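**Q** Have a look at the structure that comes next, please.
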Amino acid sequence: MNLVIVEDEKLSAERLKSLVHQIDPKIEVVGMLSSVSEATEWFRDNSPPDIVLLDIQLSDGTGFDILTTMSALPCVIFTTAYDEYALKAFKYNSIEYLLKPIDKNELETALQKFGQINRQPIYDSAFVKKIENVEKSITGEYKKRFLIKIGEQFKNIDVENIAYLYYQNGSCNVCTTDDKKLPVDYSLDQLEELLNPADFLRVNRQLIVKATAISEIHTYFNSRLLLILSPSFNEEVIVSRDRVSTFKSWMDS
């Protein structure tokens, strides 16, 4: 097995190399790279190793910048001081995501996992969807405002000022935090894709609610939940039974 270490802190790189050889002296460390530019050049000129120990935050960019230039991804063990990239990391053939300081036992477990997965992706379509949601949030791809026509005028409504969105009487509408009800030219299915799922959740076929608009949560018959919204909605807001588990996880995130 051969391995490359990408780490911009020299002492951390040397420690990783030492840990790898303590775990398995037969592993050959074929590269010690310290930047995006150096690593990009190395991977362009050399055959991909079996495994890359890859730091995410480097002096001239991120480890993801390196991976996006590669036509064939090696298996990757991310080594980083930051945990906010964990979801995105799994998109890149990741074996493991280790937080610094790297624990020898955790690194050993990660290296052993390499022999078990046979280089198959270790994520499913639902997990990829979560990764895409995180990327949209990071890159600002979620909708930030709606341009709404009111009579002969148009009004800009910032998403941060929306409490919930609902379908009623044949049209979709938004309710703003100051209790204005305005029509939007989207279906609820489209709105689900446009809005950040960290902030908004579809609780039933009629309503997408923002977490901050929920003032009370009550148990309801048939294992459902009753929500009290602020501003109030003109009907009972029920979390359908098939969405209760998702709703609880979302509220507890």
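The values are calculated or read from the model by the stated rules, or taken from the named source; none is laboratory data. Because the structure is predicted, anything quoted here is derived from the model rather than measured. Using ideal geometry, Cβ is built from the backbone for each residue, glycine included, and neighbour counts are taken over all protein chains shown. When the accessible area is computed, the model is the full protein with side chains, heavy atoms only, and any ligands, DNA or RNA have been set aside. Shrake-Rupley method; radii C 1.70, N 1.55, O 1.52, S 1.80 Å.
**Q** Considering only DSSP states other than H, G, I, E and B, which GluC sites (Glu not before Pro) in segment 207-246 qualify as loop sites with at most 10 other Cβ atoms within 10 Å? Let's see the in-between values first.
**A** Working: sites: GLU216, GLU235, GLU236; in loops: GLU235, GLU236.
Passing both the DSSP loop test and the Cβ count: GLU235, GLU236.
**Q** What length, rounded to one decimal in nm, is gained on full extension from GLU108 through to TRP250, with 0.36 nm per residue of separation minus their alpha-carbon distance? Present the calculation step by step, with values, prior to reporting the outcome.
**A** Values: separation 142, 0.36 × 142 = 51.12 nm, distance 3.35 nm.
Between GLU108 and TRP250, full extension yields an extra 47.8 nm.
**Q** At 7 Å along Cα-to-Cβ for each site, give me the label-to-label distance between LEU147 and ASP189 in nm.
**A** Taking the two extended label points, one gets 2.5 nm.
**Q** Ignoring ligands and nucleic acids, what accessible area does LYS113 show with a 1.4 Å probe (Å², nearest 10)?
**A** 50 Å²
**Q** List the residues, sorted by chain then number, that are 5 or more residues from ALA163 or on another chain and whose placed amide H is less than 5 Å from its amide H.
**A** CYS175, THR176, THR177
**Q** Solvent-accessible area of ARG224, probe 1.4 Å, all protein chains present, reported in Å² to the nearest ten, please.
**A** Solvent-accessible area, nearest 10 Å²: 60 Å².
**Q** Something else about it: Report the accessible area of MET1, computed with a 1.4 Å probe over the heavy atoms of all protein chains in place, in Å² rounded to the nearest 10.
**A** Accessible area, nearest 10 Å²: 90 Å².
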